[in-house]
Amino acid sequence: MIYLDNAASSAIKPDSVKKALCQAVMRDDLGNAGRGAHESSLRALQELEAARSAVAEFFGAEDSQVAFTANATMSLNLLLKSLLKAGDHVISTCSEHNSVLRPLYQLEEEGVALSFAALKDYSFQVDVDSFQQLLRPNTRAVVVNHASNVTGEVIDLAACARFCRAHDLLLILDAAQSAGEFSIDMEADAIDALCFTGHKSLYGPGGTGGIVLGSRMADVPLKAVFSGGSGVRSFDKTHPAEMPALFESGTANVLGLIGLHAGVKYLQKMDLSEVEARLKKLTRRFYEGVKDLPAIKIYGDFSDPKRRRAPIVALNVADMPAGVISDILATDFDIATRPGAHCAPLMHQALGTSDQGIVRFSFSTMNSEADIDKAVAAVREISQSLI
Amino acid sequence: MKNRLQIPDFMLASFDSSHDAMHSEEASKAAGIKARLIPTPELVKAGCGLSLRMEPKVAADIARLLNEEGVKVSHWILSTTIDGVRQFIAQDSPLKAKDQDK
């Protein structure tokens, strides 16, 4: 199979990740991290903290400001529900995934007000300039996805950060679709909180993710959403309020985090600028191969080859339902893609694809140019069926 | 070159859960009836993300089988091409239709 559904999950992991995971499963010395001082507990804690340090370094954060969760959805739920309260107002965008939208809609029922920025006219880019019109006296935070999981368009993060700093708002970044594809630095990019998942472009296993807090969050009150075992202060009735324990109730997924750590090391060894260049090359090769084919409609702005984007090409073939095209790709060509709504309802409404859906091709460093060429040939053959 | 878009009519069964969808494919396979899971088309605003695709002629057999297995089908949909446009049309359960024939 040619696997081009990496924006959903990177099914093909680097050998170093596979090896780390296999070795971890075979170990007999990984107990419960932070729940004792015997050798097995300490070995598990050592692995947990090594993964934490690696992730902190990766995003330019303090070790203590990285909390591990199960995925980006869990991270966003924990963070948003920990931070926001009735009376707050939040600015978000039509580009968001349901992992942002649904927690926000839940909070709306509890009295949090929401505003959503649209796409710029005749563009696939979020209109960051419109944040100014959406601003209210009680606006507390801006929540944006770094890269659209539908089109791969990257938001103007610098403009978001400038707006947030100018109005003393918190910038919360959903990096599910960007972490591991290009460099992100909490301080340089002025991000206050970042939520990531491990199983996409960080090449870790499913069930890993996290929350990273920037320096401006130090004085921001956060409440525990989940409470329970923390390994410390057992006689307190409330869960510890400090990072990372605040978001890490219960036993850590040490085996998974060993895999995530290996994924991060793989990216660091390759160098992120090289990763970005490689992904850009594969994406551009696919785009160039399909853009002029008959009946192909592409959703995304590829006019500037230098512009940063996630390795995604979103398209439709005439008015054929995306699911039908994706099914032909899977059954006739053995190519895995993702059709449908991609859990991003506002984006599909903005693009006018709510009924048709979109076929999404998404690439990883594990793909080759030969994979891309086969996918282009498949799309060509499908599109020529319409002539 | 084969026309990849000349897709014959097919029937879809949608489900309320992915668990039921998986069960339906396993049950069909075990009974030797050809059917496979596909993503539920966006136009079908119901059910989970997976639907069981089958030829219309085996729909009644699958409906009976799933009924015996206790797997609830949320919707039956016929996918057909009308005036060159692929359509998804809600259907009565083939089991019900068959019963009505009696």
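Just so you know, all these numbers are worked out from the coordinates, no wet-lab data involved. Worth saying up front: this structure is predicted, and the values here are computed from it rather than measured. As a convention, Cβ positions derive from the backbone with ideal geometry for all residues, glycine included, and neighbour counts pool all protein chains shown.
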- Virtual spin-label span in nm between A:Asp219 and B:Lys57, 7 Å along Cα→Cβ: 7.6 nm
- Sorted on mean Cβ neighbours within 10 Å (highest first), peptides B:51-59, B:16-24, A:354-362 come out as A:354-362, B:51-59, B:16-24
- Item | Where labels lie 7 Å past Cα in the beta-carbon direction, separation of A:Glu62 and A:Arg233 in nm | 1.6 nm
- Note on the structure: With DSSP loop assignment and no more than 13 other C-beta atoms within 10 Å, the chymotrypsin sites (Phe, Trp or Tyr not before Pro) in the stretch A:225-279 are A:Phe235
- Would you please give the residues with an amide H less than 5 Å from that of A:Ala318, counting only those at least 5 places away or on a separate chain, with H modeled from the backbone geometry? A:Ile296, A:Lys297
- Message: For the pair A:Arg27/A:Asn138, report the inter-label distance in nm, with labels modelled 7 Å from Cα in the Cβ direction.
- Response: 4.9 nm
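How high is the relative contact order of the stretch A:79-220? Use alpha-carbon pairs under 8 Å, at least six apart in sequence, and give a whole percent.
18 percent
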- Message: Sort A:Val212, B:Val71, A:Val17 by Cβ crowding within 10 Å, fewest neighbours at the top.
- Response: B:Val71, A:Val17, A:Val212
- Item | Furthest towards positive pole of dipole, A:Ala50, A:Ala86, A:Asn32, structure part the stretch A:1-89, Cβ charges | A:Ala86
- Query: Applying 1/(1 + (r/R0)^6) with R0 = 30 Å to the Cβ-Cβ distance of A:Asp156 and A:Glu109, what FRET efficiency is obtained, to the nearest 0.05?
  - Reply: 0.45
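Going by C-beta contacts inside 10 Å, put A:Cys160, B:Cys48, A:Cys94 in order with the fewest on the left.
Least crowded to most crowded, the residues run B:Cys48, A:Cys94, A:Cys160.
Is the shape of the stretch A:88-225 rounded, prolate or oblate, going by the alpha carbon gyration tensor and its root eigenvalues a ≥ b ≥ c, with a/c under 1.5 for rounded and a/b larger than b/c for prolate?
Here the stretch A:88-225 falls in the rounded category.
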- Task: Report, ordered by chain and residue number, the lysines lying within cross-link reach of B:Lys72, taken as a straight Cα distance under 25 Å and ignoring same-chain residues fewer than 8 apart.
- Result: B:Lys29, B:Lys34, B:Lys45, B:Lys57, B:Lys96, B:Lys98, B:Lys102
- Query: Along the charge dipole of the stretch A:193-266, which of A:Asn253, A:Ser230, A:Gly207 sits closest to the positive end, that is, farthest toward it, with unit charges on the beta carbon of Lys, Arg, Asp and Glu (+1, +1, -1, -1)?
  - Reply: A:Gly207
- Note on the structure: Taking alpha-carbon centroids only, the stretch A:77-119 lies from the stretch B:12-37 a number of Å equal to 37 Å
- Task: Evaluate the relative contact order of the stretch A:15-269 (contact order divided by residue number), counting alpha-carbon pairs under 8 angstrom at least 6 apart; express in whole percent.
- Result: 26 percent
- Task: For the stretch A:338-382 and the stretch A:210-286, compute the distance between their C-alpha centroids and round to whole Å.
- Result: 29 Å
- The FRET efficiency for A:Ser273 and B:Lys29, from their Cβ-Cβ distance with R0 = 41 Å and rounded to 0.05, is 0.30
- Which shape class applies to chain A: rounded if a/c is under 1.5, otherwise prolate when a/b exceeds b/c and oblate if not, where a ≥ b ≥ c are the square roots of the Cα gyration tensor eigenvalues? oblate
- Message: Only four residue types carry charge here, +1 at the Cβ of Lys and Arg and -1 at the Cβ of Asp and Glu. Report the dipole size of the protein assembly as shown about the Cα centre in Debye, rounded to the nearest 20.
- Response: 480 debye
- What's the average, rounded to a whole number, of partner chain beta-carbon atoms within 10 Å of each residue's beta-carbon in A:319-329? 5
- Item | Residues of type aspartates and glutamates that A:Lys374 reaches as a straight line, Cα spacing below 17 Å, ignoring anything fewer than 8 places off in the same chain | A:Asp5, A:Glu288, A:Asp292, A:Asp327, A:Asp332, A:Asp334
- Query: Past the 29 Å Cα-Cα mark, which pairs from A:Lys120/A:Lys281; A:Lys223/A:Lys280; A:Lys120/A:Lys306?
  - Reply: A:Lys223/A:Lys280
